[in-house]
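Notes to accompany the following structure.
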Amino acid sequence: MEKRYVIGLDFGTDSVRAVLVDALDGTTLNTDVHYYKRWKEGKYCDPSKSQFRQHVLDFIEGTEATISTVVKNSGVAAEAVKGICIDTTGSSPIPVDSNGTALCLKPEYEHNPDAMMVLWKDHTAIKEAEEINKLSRSWGGVDYTKYEGGIYSSEWFWAKILHINRTNAKIKEAAHSWMEHCDLMTYIITGATDLEAFKRSRCAAGHKAMWHESWGGLPEDKFLEQLDPSLVKLKDNMYHDTFTSDIAAGTLSQDWADRTGLTEDTVVAVGTFDAHSGAVGAEVEEFTLVRVMGTSTCDIIVSKNEVIGENTVDGICGQVDGSVIPDMVGLEAGQSAFGDYLAWFRDVLAWPINNMLDISDEEKESLKDNMIARLSAEAEKTPLVETAPVALDWINGRRTPDANQALKSAIVNLNLGTKAPEIFRSLVEAICFGSRKIVERFRDQGVEIKTVVGIGGVAKKSGFIMQTLADVLDMPIKIANSEQAPALGAAMYAATAAGIYSNVNDAIKAMGNGFETTYYPKDENKDVYNKLYATYSTLGEFVETKINNQ
């Protein structure tokens, strides 16, 4: 049988990784990771203002480096690589000119943060998101947040564009259109030149840009012009139709075939978001909640159209037909901080290491790298009691349920005997309590969840967090075998777009990597966690209504 291979290219917050996969059985032949140079240097970001921007050159350099490396190191013949699919974070939009060139690639804008990608975690558009929500409920027409969970987030497409338009007239004038990260990179490597004809991602458009078939695509002009008349012209330069990732967007351009060592016959699938391809890589099926757990989380579940029908789930990140599995509705939720919360606490504790110890940078990094593992080990030894510290997981706002990026974290039940491991444990429990809020929202509104699957760095590395999550949810948590589930899912899309499989479900069955372990809830912890969860809920209500609203 002819050997056929596909590549999944997964753009994360800090790096991009490519996996070269055998399309017959899902075996990974080679993997390569490229860390973004400019991002690592902290360029173009200002955490104090929640501004997080990334330069497109980081992505271009990473694409070339990773694909060429996995092809070279695997020894696979170029013509045997049949397809590529790109998944990215989102919503992470980028302003482009009429040729589809990112503005930051033009000399006059190369160091302008507003000409770069506005990363998913950028929260500079809180005011604009609030305005979109208010207008959606009051303008007298369709509520365009209906399929976005009823609340539009500052993390999403239109809010970010509106913010840039209002704060940077130069970029507003120069931007012919805006593209999501997954669309732009697909556009680049296929050598596309026609923005109007290019196939945009259904996943990105439906979950973040208020695109829906029932109202003919993007929001109508009368709605957009009340936000900013320039958005009407911008919409004309965007798209009407969207496409699922089992469809080919094109093939590699000659330039990118030369750069990567592949051929122009390599099919490039329509792009997608990392959490949604991660769900595919984790073998998602009906009634299964896939939790992509890294710096933040995305929670993905799928439902048959005839089951969910016209029902909508309030306070989530959207429900879109075909965003995960074609002909099924993909529903998305998530937390704005997960691993980031623990990394924040590590960095707080590391202040003396960074500022007071006269040791090398390498020694400082080594000390900090070991800190979370040590804190986890010690936290796991602390007693589980009702009087323990309880924290909120809103260190970067709240994504779901009910997006509110202005919210702040808090912690209670501290005393002079409280040590770092007890505080660390409360943060772990907080991110698990936030996860329980998401599960309860789905169930309360009729979405049945029978199985939870964990993927991502936290799921693979921390047994303590996964056991705590199982205890808090009172559900088993299966951990996917694949080290790179989003990239594997992208490879499955690529195999389908390239015609190796007739549909995504067949690709999943053939290429799935299975599960490595399952964490089961401990009955003896159930009652205490129920009481701590009640305290978490009370604290959250108090902070949101009495503190953050002042």
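Computed from the coordinates by the stated procedures, all read-outs in this text should not be read as laboratory data. Since this is a predicted model, take the numbers as computed values, not measurements. A quick note on method: Cβ atoms are made from the backbone with ideal geometry, for glycine too, and the neighbour counts reach across all protein chains shown.
For the reader, a short list of remarks on this structure follows.
- Cα-based shape type of the stretch 330-430, given that a ≥ b ≥ c are square roots of the gyration tensor eigenvalues and the cut on a/c is 1.5: oblate
- DSSP-assigned coil residues among GluC sites (Glu not before Pro) in the stretch 211-246, each with at most 13 further Cβ atoms within 10 Å: none
- Counting 0.36 nm for each residue step from GLU524 to TRP139 and taking away their Cα separation leaves a gain of 133.4 nm.
- Loop-located trypsin sites (Lys or Arg not before Pro) in the stretch 38-119 whose Cβ has at most 11 other Cβ within 10 Å (DSSP): none
- Contact order relative to length of the stretch 217-335, as percent, for alpha carbon pairs under 8 angstrom and 6 or more apart: 17 percent
- Set against the labelled values (i) 0.95; (ii) 1.07; (iii) 1.16, Rg/Rh (Cα atoms, Kirkwood Rh) computed from this structure falls on (i).
- Here the peptides 531-544, 315-328 are ranked by packing, the mean other Cβ count within 10 Å, and the order with the highest first is 315-328, 531-544.
- Amide H contacts under 5 Å for ILE84, placed H, 5+ residues apart: ILE7, VAL267, VAL268, ALA269
- Ascending count of other beta-carbon atoms within 10 Å, so fewest first, for SER435, SER214, SER201, SER48: SER48, SER214, SER435, SER201
- 14 Å cut-off, amide nitrogen to a point 7 angstrom out along TRP215 Cα→Cβ, residues in the stretch 318-335: 319
- Efficiency of FRET from Cβ geometry, GLU306 and VAL385, R₀ 41 Å, rounded to 0.05: 0.30
- About its Cα centre, the dipole of the stretch 270-336 is roughly 220 debye, where the only charges are +1 on Lys and Arg Cβ and -1 on Asp and Glu Cβ.
- Protection proxy ranking of 451-457, 91-97 - average other beta-carbon atoms within 10 Å, highest first: 91-97, 451-457
- Distance between the pseudo-spin-label points of LYS72 and ASP314 (7 Å out from Cα toward the beta carbon): 5.6 nm.
- In the stretch 126-163, the GluC sites (Glu not before Pro) that fall in loop regions by DSSP, at most 13 other Cβ within 10 Å: none
- Label-point separation in nm, GLU378 to LYS461, each point 7 Å along Cα→Cβ: 1.9 nm
- When the Cα gyration tensor is reduced to axis lengths a ≥ b ≥ c, the ratio a/c is 1.5 or higher for the stretch 106-215, and with a/b not above b/c it is classed as oblate.
- Partner aspartates and glutamates for LYS49 [C-alpha distance under 16 Å; skip if fewer than 8 residues away on the same chain]: ASP114, ASP122, GLU128, GLU155
- Cα gyration tensor, the stretch 406-480 - rounded (a/c under 1.5), prolate or oblate: oblate
- Label-point separation in nm, GLU440 to ASP327, each point 7 Å along Cα→Cβ: 3.8 nm
- Theoretical gain in end-to-end length, LYS43 to ASP506 [0.36 nm per residue, Cα-Cα removed]: 162.4 nm
- Calculated FRET value between ASN99 and GLN254, using beta carbons and R₀ = 22 Å, to 0.05: 0.80
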